[in-house]
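Everything on this sheet refers to the single structure shown next.
The values are calculated or read from the model by the stated rules, or taken from the named source; none is laboratory data. No experiment lies behind these values; they were computed from the predicted model shown. Cβ sites come from the backbone with ideal geometry, for glycine too, and all protein chains shown count toward neighbours.
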Amino acid sequence: MSSSTYETLTETLITRIGIDPERLAPERTFAELELDSMALVELAVALDEHTDSLLPLEGLSDLTLAEAADLLSAPTAGR
């Protein structure tokens, strides 16, 4: 997992989605953070703006934050 990508992900969750930083950990899933489908779409769009990488919406709620950061860091980056 790229630490800069993970930092971008967590910063986006804090600033755009309003998640309490105390709740964030690499092993937490988006479902555990109780993000609804609209929040997941907003997160994916915001991350695309910052990283030029798309997260797949299908199954996103079951991914951990570390897995999402790995996807964003991957050469194909969801495209």
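Glu67: surrounded by 11 or more Cβ atoms within 10 Å (Cβ to Cβ) and not in a loop (DSSP other than H, G, I, E, B), yes or no? Yes: the conditions hold for Glu67. Pairs are defined by a Cβ separation below 7 Å, a sequence spacing of at least 6 or placement on different chains, a first member in segment 11-39 that is within 19 Å of Asp62 (Cβ to Cβ), and a second member that is loosely packed, with under 14 Cβ neighbours inside 10 Å; the pairs so defined are Thr29/Asp62; Ala31/Asp62; Leu33/Arg23.
Residues that are crowded, with 17+ Cβ neighbours inside 10 Å and at pLDDT below 85 were ranked within segment 37-64; the one that is nearest to Ser3 (Cα to Cα) is Thr51. Considering segment 20-64 alone, what residues qualify as being in a loop (DSSP other than H, G, I, E, B) and either among the charged types (D, E, K, R) or touching an Asp or Glu at 6+ places or on another chain (Cβ under 7 Å) (or both)? Answer for segment 20-64, where residues must be in a loop (DSSP other than H, G, I, E, B) and either among the charged types (D, E, K, R) or touching an Asp or Glu at 6+ places or on another chain (Cβ under 7 Å) (or both): Asp20, Glu27, Arg28, Ala31, Glu32, Glu34, Asp36, Asp52, Leu54, Glu58.
Residues of segment 70-79 that are farther than 16 Å from Glu7 by Cβ and assigned to a helix (DSSP H, G or I): none at all.
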